[in-house]
Amino acid sequence: MRYAIYFTPSQDEPLARIAANWLGRDSFGAATRPVEAVGELSAAEVAFHTASARRYGFHATLKAPFRLAENETEATLRAALDSFAEAAQPVTIPRLVVGQIDGFFALMPEAPVPALNRFAGDVVLAFDRFRAPLTEAEIERRSPDSLKPDEFRNLCQWGYPYVFETFRFHMTLSGRVASQESPRLRAAIDSLFTEVLLRPVPVDALTLFVETEPGAPFMVLSHHALGRRPARKTA
C-alpha cells in the first residue's frame with residue numbers, strides 16, 4: 001500500500017468534472033467511466049493517450065507516492081494532514097494553461113507562482129517522516145541514469161526528483177505523445193479545457209490518495225481544507 005499527498009480540486013468543481021470525463025475516471029472513486037471521442041480523436045485514441053494518467057487520477061503531486069515508515073500509521077498521517085492544513089493558507093494560481101513536459105500534456109501555471117512553490121516545499125518537508133526509504137527497485141523505476149545530478153540527489157533524499165528548486169506544478173492529462181500526434185491531442189484538450197482555464201484555480205486543500213496494492217488505481221482517501229476553521233459557537 002502506498003500513499004500520496006496531492007492537490008486536486010473538489011469533486012464538484014468544473015475543472016475536476018471536465019478532467020474526470022477526459023481521463024475516464026473520477027479520482028474520488030475507483031470506478032472508471034467510458035471515455036468519449038473528442039474533436040478529431042476517437043474514443044479509443046483518447047483512452048490510449050490517457051491510460052497512464054487515468055490510474056493516478058487528476059492531481060498535482062506535492063508529496064509523491066510513498067510507503068509508510070515503520071513507526072507511522074494511516075491514522076497518524078491523516079491527523080498530521082489535519083494539523084498542517086489547519087495552519088496553512090490557500091494559494092491561488094491566477095491561470096493554468098495547457099503545456100507539455102517531457103512529451104506528456106499537463107495543466108501548469110501560466111507564470112511562476114512563488115507562494116505555490118514554497119507551499120509545495122513545506123509539504124515535502126513536513127511529511128517526509130511518514131515516508132519509508134526507497135528500495136533499490138523503487139529507485140531504478142525512476143530511471144536514475146536519465147536524471148540530472150540535483151534530481152538524483154532529491155530522489156535519494158526526498159523520494160522524488162522534482163522538489164524544491166526542481167519542482168514543477170503540473171496536472172497530468174496524458175502519457176508521452178509522439179510529436180506527430182501532439183497537434184491533434186492538443187486541439188482535443190484545448191476544446192475541453194479552454195473555457196474553464198479562464199478562471200483562477202485556488203489551491204485550497206490537500207488530498208490524501210491511496211494505492212491499495214501495486215498497480216491499483218490511486219483513490220482519494222481524505223480531503224483536508226486549508227486554513228483555520230471558525231470556532232463553533234456554543235450556547
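The values are calculated or read from the model by the stated rules, or taken from the named source; none is laboratory data. Since this is a predicted model, take the numbers as computed values, not measurements. With ideal geometry, Cβ positions are generated from the backbone for all residues, glycine too; neighbour counts draw on all protein chains shown. Each accessible area value is taken on the protein alone, full model and side chains, heavy atoms only, with ligands, DNA and RNA left out. Shrake-Rupley method; radii C 1.70, N 1.55, O 1.52, S 1.80 Å.
Taking the Cα atoms of region 164-222, report the difference between the largest and smallest coordinate on each principal axis, in whole Å and largest first.
Here the Cα extents, ordered largest to smallest, are 36, 31, 28 Å.
Taking only protein heavy atoms and a 1.4 Å probe, what accessible area per residue, in Å², does region 1-87 have with all protein chains in place?
Counting only protein heavy atoms, the per-residue value for region 1-87 is 45 Å².
Counting other C-beta atoms within 10 Å, and keeping those with at most 10, which DSSP coil trypsin sites (Lys or Arg not before Pro) do you find in region 125-173?
none
Show the residues, 5+ positions off or on another chain, whose built amide H is closer than 5 Å to the amide H of SER10.
Those qualifying (amide H under 5 Å, at least 5 residues apart or on another chain) number zero.
Which one of LEU68, SER10, VAL163 is farthest out on the positive end of the charge dipole of the chain, using unit charges on Cβ (Lys, Arg +1; Asp, Glu -1) and the Cα centre as origin?
SER10
Taking square-rooted eigenvalues a ≥ b ≥ c of the alpha carbon gyration tensor, is region 1-134 rounded, prolate or oblate, where a/c under 1.5 means rounded and, failing that, a/b exceeding b/c means prolate?
prolate
Ordering TYR6, TYR162, TYR56 from largest to smallest accessible area (1.4 angstrom probe), what's the sequence?
Solvent-accessible surface, decreasing: TYR56, TYR162, TYR6.
Give me D for region 1-63 in µm² s⁻¹, whole number, from Stokes-Einstein with Rh from the Kirkwood sum over alpha-carbon pairs, 25 °C and 0.890 mPa s.
The estimated diffusion coefficient comes to 200 µm²/s.
Heavy atoms only, 1.4 Å probe, whole protein assembly: order MET219, MET1 by accessible area, highest first.
If we order MET219, MET1 from most to least accessible, we get MET1, MET219.
When you take every Cα atom in region 110-235, what is the radius of gyration, and what is Dmax, the widest Cα pair distance, in Å?
18.6, 67
Given +1 on the Cβ of Lys and Arg, -1 on the Cβ of Asp and Glu, and no further charges, what dipole in debye does region 111-235 carry about its Cα centre, rounded to the nearest 20?
Dipole of region 111-235, to the nearest 20 debye: 660 debye.
At a 1.4 Å probe radius, carbon and sulfur cover how many percent of the accessible area of the chain?
C and S fraction of accessible area: 53 percent.
Once you've got the GNM for the chain with C-alpha springs shorter than 10 Å, pick whichever of GLU13, GLU45, GLU140 has the biggest mean-square fluctuation.
Maximum among the listed residues: GLU140.
Can you give the extra length, in nm with one decimal, that the chain gains between LEU68 and ASP12 once fully stretched, where that is 0.36 nm per residue apart less the Cα-Cα distance?
Going from the current span to full extension adds 17.2 nm.
On a 1.4 Å probe surface of the protein chains, which of ASP102, ASP26 comes out largest in accessible area, and what is the full order?
Descending order: ASP102, ASP26.
Give me, ordered by chain and number, the residues 5 or more places off VAL177 or on other chains with an amide H under 5 Å from its own placed amide H.
The list, which skips near neighbours in sequence, is PHE104.
In Å², what does the accessible area per residue of region 120-235 work out to with a 1.4 Å probe?
Ligands and nucleic acids excluded, the result is 57 Å² per residue.
Dipole size in debye (nearest 20) for the chain around its Cα centre, Lys and Arg Cβ +1, Asp and Glu Cβ -1?
500
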